[in-house]
Structures are given as structure tokens and as C-alpha cells.
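Here is the structure we will look at.
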Amino acid sequence: MSEASVMTQPKAAANQFESINNVMLDIVDLKKVYPTPTGSYTVLENLQLQIQKEEFVTIIGHSGCGKTTLLSMIAGLNQISGGAIVLNGKPIIGPGPDRGVIFQSPSLMPWLSALENVMLGVDQVFSHASKKDRLAIAHYYLDKVGLYGDMQKKARELSQGMQQRVGIARAFALKPKVLLLDEPFGMLDSLTRGELQDVLLEVWNKEKITAIMITHDVDEAIFLADRVIMMTSGPSAQIGKIENILFERPRERKFIIEHDDYYHYRKSLIDFLEH
């Protein structure tokens, strides 16, 4: 980092490490083994990671290194072979509303409206609330992702980018403790991708939900994250390197791209991926 850039960052660095002193997710000695016709295949082994409350973490690594396997185990959708994943002090033993998931495809019910798709989850998680209050929650998050005027449209009538906005609104509306994102913008064109990154950050900046996102995009990983977690290639993948991203929030894309530190971070990530 340049001397000038280091001088602009101590406040950001101090704020980051003073404010995130509560562990939200503790991954201890995690192991995942799949049986194969030729014997056991170990995807992850002895993986250690702590993620703090209100932290936004991105995970990168080559295809097949176990990123999605890791995320699916945090979601409770994939059984753990060894070790533990502890969420807010309690071991994860299955799926639950304390974890919201946004996949590459939003998996909406095409015959339902955007509002009805969000309400499916809201009605389940907040069944104790009045119908008026549940609708208010769905309206609020659809408005936050820019779909207030389109909430009555059927999901099949929405563009791919708009459908993903519904997916983002649905996940935040459940008020999860942890938000899990599996390459949510991977199928979108670059312009729509940039727009939805901004939408995601805007909502996250307000909600401050702990977020863990898988991405293959180095620039996306830097722009969104407090820390970038780099995984080694499999088999027996582990955490290879962690890069702290010290840009202050809220973030503006133009400022970050023009900042000297951006290229330092970018080189660090690319160097890791190329070795």
C-alpha cells in the first residue's frame, strides 16, 4: 500500500476490528467426505474459520475447491462429516430460518407475484404477526430492491435481474442471523450485476446482517467484503489466505476503483489464484 493510502485507513481499520468482537459463526475442524466407487473423496478437511457479527465475507477459490459445499453445510442442507459449525453459540444440525439463502437462480414460484413469493417465507417465519404487519415487511423489502411498482407482476413476467431482486428481498425479509449467497449474480450481464451489487450493499448497510458470499469475480469480492477468504484447491481444501478489505462503508464504486489500495487487494487475490 502507498504511504498516502495507509494514512487514510487507520480509522477504518480500527473501526473494523473494534466493532466486530462477537463471533456469529464458528467453523471448527470442518470435514466433508463423499463416498465414490473408488473410495472416499475428502472435499474439505480441518477447515477453520470465524466470522464476526455484522461482517460481510466473500469466499473465492478455483472450481471444485468446496466453496458451495461449505455454504450448503452452513445452510444445513449438507451433512457434516466431521468437526462443527456453530451459529450464534448453537451447533448447526439442519436448515432453519436463522439462515437466509440467495442462490444463483432465485427459484421463484413463476405463477405467483413478486409479493406472493416474498410472502411465502414471511408468513411462515412471522406467523405470529398480523397480516398487515407481514405485508408491511414484504412491501418494505420489495421497495428497498426497487420493485415496489412491480410487486404484483407474476415472477415469470420479470426479467432475470428483477427475479434476483425478488430473491434478495425474500432473503432479507426473513430477518436471518446470517445471509448466505451462492454466486447470486453469476448468470447476469455485467451492467445488471453491478446494479444488483449496489442494491445488495444498500440493503445490507441498513440491516447489517452477517453475510457470506461465494463469487468467482475478484472485483466483486473486493467491492462487497470486509474480508476475502481464499480457499486452497481440493481435495482436502482449507483456508489458504485471508485478505482484510479496509475501505470505509458505505462504499462508492468509483472511489474504490480509483483507490491505490484496490490494486493491492486485486493483485493479492489474483496471485493466490494463479498459484
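Every read-out reported here was derived from the displayed coordinates using simple, explicitly stated rules and does not represent laboratory data. For clarity, every value in this text was computed on a predicted model and none was experimentally measured. Positions of Cβ are backbone-derived with ideal geometry, glycine not excepted, and every protein chain shown enters the neighbour counts.
Numerical summary
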read-out: For the chain, size of Cβ-based charge dipole, Lys and Arg +1, Asp and Glu -1, in debye; value: 920
read-out: Rounded to the nearest 20 debye, dipole of the range 181-235 from Cβ charges on Lys, Arg, Asp, Glu; value: 240
read-out: Total charge dipole magnitude, the range 170-275, about the Cα centre, Cβ charges on Lys, Arg, Asp, Glu only, Debye to nearest 20; value: 500
read-out: Neighbour-count ranking [beta-carbon atoms within 10 angstrom, fewest first] of Val118, Val178; value: Val178, Val118
read-out: Cα-based shape type of the range 43-106, given that a ≥ b ≥ c are square roots of the gyration tensor eigenvalues and the cut on a/c is 1.5; value: rounded
read-out: Approximate shape of the range 111-166 as ellipsoid semi-axes (Cα gyration tensor, √5λ), whole Å, largest first; value: 20, 11, 8
read-out: Distribution of pairwise C-alpha distances over the chain, 5 Å bins, in %; value: 1, 5, 12, 16, 17, 17, 14, 10, 6, 2, 1, 0
read-out: Fewest-first sequence of Phe56, Phe103 by Cβ atoms within 10 Å of each Cβ; value: Phe103, Phe56
read-out: Listed residue (Gln160, Leu30, Pro97) projecting farthest to the positive dipole end of the chain, Cβ model; value: Pro97
read-out: Among Gly76, Gly39, Gly161, residue whose mean-square fluctuation peaks in a GNM of the chain (springs only between Cα atoms under 10 Å); value: Gly39
read-out: Relative pair counts by distance (%), Cα atoms of the range 42-161, 5 Å bins; value: 2, 9, 15, 18, 15, 15, 13, 9, 4, 1
read-out: Descending Cα extents along the principal axes, the range 164-215, whole Å; value: 29, 18, 16
read-out: 23 Å Cα-Cα threshold exceeded, pairs from Lys53/Lys175; Lys132/Lys175; Lys90/Lys175; value: none
